[in-house]
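J.: First the structure, then my questions, so here it is.
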Amino acid sequence: SEPSLAEEDERLYPFYVPKYRYGLFYTDVEALCRGLGAEYAWDADTQTATATYRDVTIQMTVGSSQVLVNGEPMELTDEMWDEERQELVEVPMPVRMENGKLVAPTYLFSVSRTTGGVWDIGISYIHIGDTMEQDPDRLVVLA
């Protein structure tokens, strides 16, 4: 048959989100939702955000390392060396506010070597030019 033009969905294009570092990389949840076309609601009274993408809803409260994923609790943690640097210990990685923006660990959303990411998307580092140096401010999202 004759070729026909395809409809392009711009939400399938890679886009950038801010990068923050608190041991792990964090990102701006509202910017991520906006780029994905996900639903996002902020409740200032409870300091809680609710975000839904691909039928998976996450509730995140500022200062808490526990989020609800489709109503089920999930603890956000990372491993860090103890004070004597003798062993790795599990530490909480709470949801935070950064300059008025809700930020959460990227592994909550993104598939990586060690996590499944509840939204099953890719969030990667950006390298500057032809070097291995990472962009200090941004991550790239591949939905």
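The values are calculated or read from the model by the stated rules, or taken from the named source; none is laboratory data. Nothing here was measured: the structure is a model prediction, and the numbers come from that model. Neighbour counts are summed over all protein chains in view; Cβ atoms, including those assigned to glycine, are modelled from backbone coordinates with ideal geometry. Side chains are part of the model used for accessible areas, which takes the heavy atoms of the whole protein and leaves out ligands, DNA and RNA. Shrake-Rupley method; radii C 1.70, N 1.55, O 1.52, S 1.80 Å.
J.: Checking Ile123 against (1) without any contact (Cβ under 8 Å) to a residue 12 or more places away in the chain; (2) within 15 Å of the chain's Cα centre (by Cα): exactly one of these is not met. Which one?
T.: Evaluating Ile123 over (1) without any contact (Cβ under 8 Å) to a residue 12 or more places away in the chain; (2) within 15 Å of the chain's Cα centre (by Cα) leaves (1) as the failure.
J.: Residue under question is Leu88, and the condition is that it be farther than 20 Å from Ile123 by Cα and open to solvent by 80 Å² or more (accessible area, probe 1.4 Å); does it hold?
T.: Values: farther than 20 Å from Ile123 by Cα: yes; open to solvent by 80 Å² or more (accessible area, probe 1.4 Å): yes.
Yes: the conditions hold for Leu88.
J.: May I ask you to verify whether Gly100 is loosely packed, with under 12 Cβ neighbours inside 10 Å and closer than 22 Å to Val17 by Cα?
T.: Values: loosely packed, with under 12 Cβ neighbours inside 10 Å: yes; closer than 22 Å to Val17 by Cα: yes.
Spelling it out, Gly100 is indeed loosely packed, with under 12 Cβ neighbours inside 10 Å and closer than 22 Å to Val17 by Cα.
J.: Counting only residues that are open to solvent by 100 Å² or more (accessible area, probe 1.4 Å) and touching a residue at least 24 places away in the same chain (Cβ under 8 Å), which one in the stretch 1-50 is farthest from Val111 (Cα to Cα)?
T.: Checking each candidate, the answer is Arg11.
The rows are residues; the columns are (1) more than 23 Å from Arg138 (Cα to Cα); (2) modelled with pLDDT under 95; (3) among the acidic types (Asp, Glu); (4) touching a strand residue (DSSP E or B) at 6+ places or on another chain (Cβ under 8 Å).
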| position | (1), (2), (3), (4) |
| --- | --- |
| Tyr26 | no, yes, no, yes |
| Glu39 | no, no, yes, yes |
| Thr46 | yes, no, no, yes |
| Gln66 | yes, no, no, yes |
| Glu75 | yes, yes, yes, yes |
| Val89 | yes, yes, no, yes |
